[in-house]
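J.: Okay, here's the structure, questions in a sec.
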Amino acid sequence: MSYRKAQELLRLAGMCAARHRGVCLQDIVIAFEVNHRTAQRMVQALRDVFPSLAAHTYGDRQHWWKLRDITLISMQGIYDDELVALEMSARRAARDGAHAQAEVLQGLRERFVATLPAATARRAEVDAEAVLEAQGYACRPGPKVKTSPKVTSVIAAALKGPCRLTISYQGKHDPAPRERIVEPYGMLLGTRHYLVARDPHKDDQFRRFRMDRISTAEATPDWFVKDEGFDLETYAAQAFGSFHMDAEYSRVVWRFDPAAAVTAREFEFHPKQKMIDEDDGRLIVSFDASGLVEMAWHLYKWGDAVEVIEPPALRDLVAGWQNKRISVLP
């Protein structure tokens, strides 16, 4: 067995041990970019090395493999590139304004380092700093609105409760900040960050509060029961970016010309998008969302290489703004 195959087998063992259900063949196909037959051979090789590998069949009739004996896996220790990845993720989260996530990632990295022998830990720290210095660390360039780390931390703590929040918030039409008590459900991170919450003194609707307009936040001792039907990812998918407007929610259809279609196929414009290749080389992209202004901002980057089919309101919004002189695609 080659070194690469041995490493892949250990990685597969880690997946089988870490996931609650274990893994199925489709998981292996996606994770290792192999075909179905190769995935089957990998499972057989794993069974040969780990006789304790257990197979289960759930309601979907798929076979799932779970590994409970992790003695050999734990002997691998922590790899230097894993520590670097955690450090890069923590710094990226901090730069994006996700301060609570940055603290959690940094704490996780420190706990991993604490488990290493002293000599190994020192070498890992030196190697990690060298890699970060040589490669830099991943970040999201471009303008963004500043948010308060303290406010973000308080909101993150309230979300874990979950408990109600008292926020000082200045809405678009408010002459000055005013106090509100809200029930937090999550945060949307984008050019602007939003708190998704309910205002129980008004109604049961989910509202978006701009994080940069929250001057103070304090968690209350009042707990609340979350709506079990709410899913943050589903809610976020109702918009193109981070801005929501129920009245704008509609079918969106764009057509990219053949020269831009290759680049457009590399994009995920929306998590629920559908792409259709036309016979002449053009590409149709469709999804359902709101946020027409954010769509217009994005479409401007494509010059005249994209045509808005639906909705008419977006087509009117970009009319006359498609710049033929933009020759570099996003």
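The values are calculated or read from the model by the stated rules, or taken from the named source; none is laboratory data. It should be emphasised that the depicted structure is a prediction, and the values quoted were computed from it without experimental measurement. Counting neighbours? That spans all protein chains shown, and the Cβs are built from the backbone with ideal geometry, glycine included. Keep in mind that these areas ignore ligands, DNA and RNA; they rest on the heavy atoms of the full protein, side chains included. Shrake-Rupley method; radii C 1.70, N 1.55, O 1.52, S 1.80 Å.
J.: Once you place label points 7 Å from the Cα toward the Cβ at Arg61 and Ala18, how far apart are they in nm?
T.: It works out to 3.1 nm between the two label points.
J.: Can you work out ³J(HN,Hα) from phi for every residue in the stretch 251-260, in order, using Karplus 6.51 cos²θ - 1.76 cosθ + 1.60 and θ = phi - 60°, giving whole Hz and x for Gly and Pro?
T.: Per residue, the Karplus-derived 3J(HN,Hα) values read 6, 10, 9, 10, 10, 9, 6, x, 5, 9 Hz.
J.: Sticking with this one: If you keep only loop residues by DSSP, which trypsin sites (Lys or Arg not before Pro) in the stretch 247-330 have at most 14 other Cβ atoms within 10 Å of their Cβ? Write out the running numbers ahead of the final one.
T.: Numbers: sites: Arg251, Arg255, Arg265, Lys272, Lys274, Arg282, Lys301, Arg315, Lys324, Arg325; in loops: Arg265, Lys272, Arg282, Lys301, Lys324, Arg325.
The qualifying sites are Arg265, Lys272, Lys301, Lys324, Arg325.
J.: Something else about it: Let me have the 222 nm mean residue ellipticity of the chain computed from DSSP H runs of 4+ only, each contributing -39500 (n - 2.57), with the sum over all residues rounded to the nearest 500.
T.: Details: 12 runs with 132 residues, N = 330.
Theoretical 222 nm ellipticity from helices: -12000 deg cm²/dmol.
J.: Tell me, what are the semi-axes, in whole angstrom and largest first, of the equivalent ellipsoid of the stretch 140-182 as set by the roots of 5 times the Cα gyration tensor eigenvalues?
T.: Semi-axes (√(5λ), whole Å): 21, 19, 7.
J.: Right, another one. Could you identify which residue out of Leu12, Leu159, Leu105 has the top mean-square fluctuation in a GNM of the chain using Cα springs shorter than 10 Å?
T.: Leu12
J.: Then there's this: How large is Rg/Rh for the stretch 223-330, to two decimals, with Cα atoms and a Kirkwood Rh? Don't skip to the answer; put the middle values down first.
T.: Values: Rg = 15.5 Å, Rh = 14.8 Å.
Result: Rg/Rh = 1.04.
J.: Still on this model: Quick one: longest stretch of the chain between exposed loop chymotrypsin sites (Phe, Trp or Tyr not before Pro), exposed meaning at most 12 other C-beta atoms within 10 Å and loop per DSSP?
T.: Of all site-free stretches, the longest is 80-320.
J.: With a Förster radius of 30 Å, plug the Cβ-Cβ distance of Asp222 and Ala114 into 1/(1 + (r/R0)^6) and report the FRET value to the nearest 0.05.
T.: Working: r = 37 Å, r/R0 = 1.22.
The calculated FRET efficiency here is 0.25.
J.: Right, here's the next one. Hey, if we sort Ile284, Ile276 by accessible area with the 1.4 Å probe, largest down, what's the order?
T.: Result of the area sort, largest leading: Ile276, Ile284.
J.: As a test question: what accessible area, to the nearest 10 Å², does Asp204 have when a 1.4 Å probe is rolled over all protein chains in place?
T.: Using a 1.4 Å probe on the heavy atoms, I get roughly 110 Å².
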